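J.: Dropping a structure here in structure tokens format, bear with me for questions.
The values are calculated or read from the model by the stated rules, or taken from the named source; none is laboratory data. Quick caveat, the model's predicted, so the values are computed rather than measured. Every residue, glycine among them, receives a Cβ derived from its backbone with ideal geometry; neighbour counts consider all protein chains shown.
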Amino acid sequence: MTFANINKIKEVLTKKEISCQELISGFLNKIKLEDGKIHAFLEIFEQEAREKAKKVDEKIRKGEKLGELEGMPLALKDNLLYAGHFCSAGSKILRNYVAPYSATAVRQLEEAGSIFLGRTNMDEFAMGSSTENSAYGPTKNPRDLSRVPGGSSGGSAAAVAADFVPAALGSDTGGSIRQPAAFCGTIGLKPTYGAVSRFGLIAMSSSLDQIGPLAKSVSEAELIFNIIKGQDLKDATTKKIPDTKEEKINLKKIKIGIPKEYFGPGLEKEVETAIKKIILQLEEAGAEIKETSLPHTEYALPAYYLIMPAEVSSNLARFDGIRYGLSLREKNGNLEDIYFASRAAGFGAEVKRRIILGTFALSAGYFDAYYKKARETQEIIKQDFSRAFQKVDCLLTPTAPTAAFKLGEKIYDPLTMYLSDIFTVSVNLAGLPALSLPAGSARGLPV
Amino acid sequence: MRLNTALIEHLAQLARLKLPAAEFSRDLESILRYVEKIQSLKRATAAPDATSANEFLRTDLTTDCPPQEKQNIKRLFPEKEEDLMKVKGVFGNQL
């Protein structure tokens with residue numbers, strides 16, 4: 001059953017072809033057998049999952065009303081608070097932190113009846129594009145264990161790709177759902193900013209973060225999205241998102257824009273070939289393909305690497321060893337010593353790098369030339385998209401410039417690592433939704 | 001603009017971080033050179049005042065934290081005295 005999709009699982013459970021306990025057991029056994037070499041999960045909630053499965057079987061036996069995802073095994077990225085469970089954002093500074101409450105998105109899935117099998121690995125505080133920045137060791141790409149699964153939602157992408165769960169939640173600030181989805185060959189959806197409540201998501205960059213699903217099909221991703229979306233009084237940035245239309249899309253009525261700036265140098269030849277094949281297929285199916293332009297694309301990643309670290313430097317100030325998390329207190333030390341010692345020991349190098357960058361961008365004397373200028377650049381990028389959408393219904397681009405790279409290949413040069421997100425960040429800056437779809441392969445790896 | 005060791009040390013102090021500034025300087029400098037690309041964007045446009053003109057606000061009412069949640073939060077305190085969180089004095093032995 002572990003290869004099955006959400007609808008198939010729902011069907012076999014309601015038809016009583018398999019008990020929920022058998023179903024959950026199957027998934028847990030597969031994880032125990034195979035996750036040793038992949039390391040998608042940081043923790044499996046085994047006992048709880050089995051107990052919940054028992055309760056679901058009771059509900060089914062009694063003929064009680066079932067939730068939309070009753071008994072469905074899912075996984076949560078390690079930055080989503082799930083009450084009573086460890087949540088560490090892939091960091092040492094939150095090693096023994098137990099979530100006091102659940103994130104809204106988590107609560108919504110729980111209320112729909114899902115069973116969380118565990119929390120998945122991620123780059124520390126979502127900072128990374130390979131999951132190699134996790135304080136708990138990297139995750140391997142199930143399609144090629146010598147390669148990265150992408151990041152920062154690498155664990156969630158790997159869990160879905162390895163059939164450990166039919167779907168998982170991740171978060172995306174600059175591409176962290178879409179890029180690992182592309183590297184592992186799954187679907188990844190970054191919803192419109194504000195579509196999903198960020199309450200209970202350990203914040204990285206509050207004006208860019210969004211929670212979203214990773215799954216093996218668009219309809220499954222849609223199902224999860226429809227459950228987690230919605231305005232939330234606990235997150236004032238949430239927007240009302242209309243329900244998706246039931247009608248089938250008529251490709252002959254769709255105009256797809258191909259922004260030329262995404263097909264230049266830096267894009268791996270085999271990736272380009274795979275994408276161009278898809279464009280041709282869409283054209284043959286009747287869609288109108290238009291070359292379009294997002295002229296300020298080259299400024300998106302630089303602007304992102306000023307805005308995001310600035311927000312990071314503010315959001316991570318709370319990790320100071322006072323109320324929770326790693327707290328290093330020396331007998332003769334003072335209050336400030338606790339801050340310095342706890343943060344030095346608890347944060348990894350990439351986190352420190354971004355905090356310094358952000359502190360720089362916001363500091364007196366540099367604020368105008370860096371942060372303010374980056375925000376102006378962001379507005380220009382938004383305008384690029386507005387203009388493009390006057391002529392086309394959607395845009396099609398590669399998700400990542402390459403297929404999955406080897407473990408250790410980019411970890412020693414932060415800037416090279418940042419460039420993995422070159423095609424994904426513009427969307428976050430503009431607050432737009434974006435979906436990563438498998439598009440064939442390059443050198444045998446998913447694109 | 002150079003992110004030299006002295007500036008990094010100053011920023012680290014502001015961010016309450018202890019780090020080997022010299023080790024971080026090379027990577028930070030190359031990142032800074034990259035992000036400075038935006039300086040070449042001549043087109044002027046106003047930066048927005050707020051992150052979004054979202055009007056989704058709730059009534060400003062105090063609600064009690066659910067007791068279980070309160071317990072969960074208190075359990076996380078690194079240092080406790082009875083029911084209270086314990087910290088070093090703010091005005092104690094100073095910086």
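J.: A:Gly348: touching a residue at least 24 places away in the same chain (Cβ under 8 Å), more than 7 Å from chain B (Cβ to nearest Cβ), farther than 14 Å from B:Ala15 by Cβ and not β-branched (Val, Ile, Thr), yes or no?
T.: For A:Gly348, the condition - touching a residue at least 24 places away in the same chain (Cβ under 8 Å), more than 7 Å from chain B (Cβ to nearest Cβ), farther than 14 Å from B:Ala15 by Cβ and not β-branched (Val, Ile, Thr) - is met.
J.: Looking at the structure I just gave you, is A:Leu328 within 14 Å of another protein chain (Cβ to nearest Cβ), over 26 Å from the mean Cα position of the chain (by Cα), modelled with pLDDT of 95 or more and under 30 Å from B:Asn72 (Cα atoms)?
T.: Spelling it out, A:Leu328 is indeed within 14 Å of another protein chain (Cβ to nearest Cβ), over 26 Å from the mean Cα position of the chain (by Cα), modelled with pLDDT of 95 or more and under 30 Å from B:Asn72 (Cα atoms).
J.: Please indicate, with yes or no, whether at least one residue in the range A:331-345 is more than 7 Å from chain B (Cβ to nearest Cβ), touching a helix residue (DSSP H, G or I) at 6+ places or on another chain (Cβ under 6 Å) and not acidic (Asp, Glu).
T.: No, the range A:331-345 has no match at all.
J.: So which residues in the range A:390-422 are among the aromatic types (Phe, Trp, Tyr), surrounded by 17 or more Cβ atoms within 10 Å (Cβ to Cβ) and either in contact with a Lys or Arg (Cβ under 6 Å, 6 or more places away or on another chain) or not in a helix (DSSP H, G or I) (or both), if there are any at all?
T.: Result: A:Phe405, single match.
J.: Another one. With the structure loaded, tell me whether A:Ala364 is part of a loop (DSSP other than H, G, I, E, B) and more than 30 Å from A:Pro100 (Cβ to Cβ) or whether it fails that test.
T.: Taking the combined requirement at face value, the residue satisfies it.
J.: If you don't mind, there's one more thing I want to ask. Looking at (1) more than 29 Å from A:Ser130 (Cβ to Cβ); (2) touching a residue at least 60 places away in the same chain (Cβ under 8 Å), which is the one condition that is false for A:Phe3?
T.: A:Phe3 satisfies all of (1) more than 29 Å from A:Ser130 (Cβ to Cβ); (2) touching a residue at least 60 places away in the same chain (Cβ under 8 Å) except (1).
J.: Which members of the range A:248-287 meet the condition of being among the β-branched types (Val, Ile, Thr) and either in a helix (DSSP H, G or I) or in contact (Cβ under 8 Å) with a residue 60 or more places away in the chain (or both)?
T.: A:Ile254, A:Ile256, A:Ile258, A:Val271, A:Thr273, A:Ile275, A:Ile278, A:Ile279
J.: Could you tell me which numbered condition A:Ala344 fails, if it satisfies all but one of (1) surrounded by fewer than 20 Cβ atoms within 10 Å (Cβ to Cβ); (2) closer than 23 Å to B:Lys74 by Cα; (3) among the hydrophobic types (A, V, I, L, M, F, W, C)?
T.: (2)
J.: Given the criterion within 14 Å of another protein chain (Cβ to nearest Cβ) and either touching a helix residue (DSSP H, G or I) at 6+ places or on another chain (Cβ under 9 Å) or not in a helix (DSSP H, G or I) (or both), identify the matching residue among A:Lys290, A:Lys240, A:Lys245.
T.: That would be A:Lys240, the only listed residue that is within 14 Å of another protein chain (Cβ to nearest Cβ) and either touching a helix residue (DSSP H, G or I) at 6+ places or on another chain (Cβ under 9 Å) or not in a helix (DSSP H, G or I) (or both).
J.: Is one or more of the residues making up the range A:205-218 farther than 13 Å from A:Ala126 by Cβ, of a type in the set (Ser, Thr, Tyr) and surrounded by fewer than 24 Cβ atoms within 10 Å (Cβ to Cβ)?
T.: Scanning the range A:205-218, I find at least one residue that is farther than 13 Å from A:Ala126 by Cβ, of a type in the set (Ser, Thr, Tyr) and surrounded by fewer than 24 Cβ atoms within 10 Å (Cβ to Cβ), so the answer is yes.
J.: Also: Any idea which of A:Gly84, A:Gly90, A:Gly63 is at pLDDT below 95, in a loop (DSSP other than H, G, I, E, B) and out of contact with any Leu (no Cβ under 6 Å at 6 or more places or on another chain)?
T.: After ruling out the rest, the residue left standing is A:Gly63.
J.: Answer yes or no: is there a residue in the range A:371-381 that is in contact (Cβ under 8 Å) with a residue 40 or more places away in the chain, touching a Ser or Thr at 6+ places or on another chain (Cβ under 7 Å) and within 30 Å of B:Lys70 (Cβ to Cβ).
T.: For the range A:371-381, residues in contact (Cβ under 8 Å) with a residue 40 or more places away in the chain, touching a Ser or Thr at 6+ places or on another chain (Cβ under 7 Å) and within 30 Å of B:Lys70 (Cβ to Cβ): absent.
J.: Those residues that are buried (at least 18 other Cβ atoms within 10 Å of the Cβ) and outside any loop (DSSP other than H, G, I, E, B), I need them from the range A:423-447; list them, please.
T.: Listed by number, the residues that qualify are A:Val425, A:Ser426, A:Val427, A:Asn428, A:Leu429, A:Ala430, A:Ala434, A:Leu435, A:Ser436, A:Ala442, A:Leu445, A:Pro446.
J.: Which residue pairs have Cβ atoms under 6 Å apart, sit 6 or more places apart or on different chains, and have a first residue in the range A:14-27 that is within 15 Å of A:Ser114 (Cα to Cα) and a second that is part of a loop (DSSP other than H, G, I, E, B)?
T.: A:Cys20/A:Gly71; A:Leu23/A:Met1; A:Phe27/A:Thr2
J.: Mind listing whichever residues of the range A:189-231 are of a type in the set (A, V, I, L, M, F, W, C), more than 14 Å from chain B (Cβ to nearest Cβ) and closer than 20 Å to A:Val165 by Cβ?
T.: Matches in the range A:189-231: A:Leu189, A:Leu201, A:Ile211, A:Leu214, A:Ala215, A:Val218, A:Ala221, A:Leu223, A:Ile224, A:Phe225, A:Ile227, A:Ile228.
J.: Moving to a separate point now. Counting only residues that are more than 9 Å from chain A (Cβ to nearest Cβ) and assigned to a helix (DSSP H, G or I), how many does the range B:1-12 have?
T.: Residues flagged as more than 9 Å from chain A (Cβ to nearest Cβ) and assigned to a helix (DSSP H, G or I) within the range B:1-12 amount to 3.
J.: Now, a different point. Applying the selection to the range B:43-79, what residues are at pLDDT 65 or above and touching a helix residue (DSSP H, G or I) at 6+ places or on another chain (Cβ under 7 Å)?
T.: The answer is B:Arg43, and nothing else.
J.: Can I ask one more? Looking at the range A:322-343, which of its residues are touching a residue at least 24 places away in the same chain (Cβ under 8 Å) and not in a helix (DSSP H, G or I)?
T.: A:Tyr324, A:Gly325, A:Leu326
J.: Quick check on my filter: what residues within the range A:129-181 are among the basic types (Lys, Arg) and closer than 22 Å to A:Phe347 by Cα?
T.: Result: no residue meets the conditions.
J.: Report yes if B:Arg16 is farther than 20 Å from A:Lys382 by Cα and modelled with pLDDT of 95 or more, otherwise no.
T.: yes
J.: Next question, about the same structure. Test A:Leu109 against the stated conditions and say whether it is away from chain B (no Cβ under 14 Å), of a type outside the set (Phe, Trp, Tyr) and not in a strand (DSSP E or B).
T.: In short, yes.
J.: Checking the conditions here, which among A:Ala158, A:Ala182 is more than 14 Å from chain B (Cβ to nearest Cβ), in contact with a strand residue (DSSP E or B) (Cβ under 9 Å, 6 or more places away or on another chain), closer than 17 Å to A:Pro73 by Cα and among the aliphatic types (A, V, I, L, M)?
T.: A:Ala158 is the lone residue from the list that is more than 14 Å from chain B (Cβ to nearest Cβ), in contact with a strand residue (DSSP E or B) (Cβ under 9 Å, 6 or more places away or on another chain), closer than 17 Å to A:Pro73 by Cα and among the aliphatic types (A, V, I, L, M).
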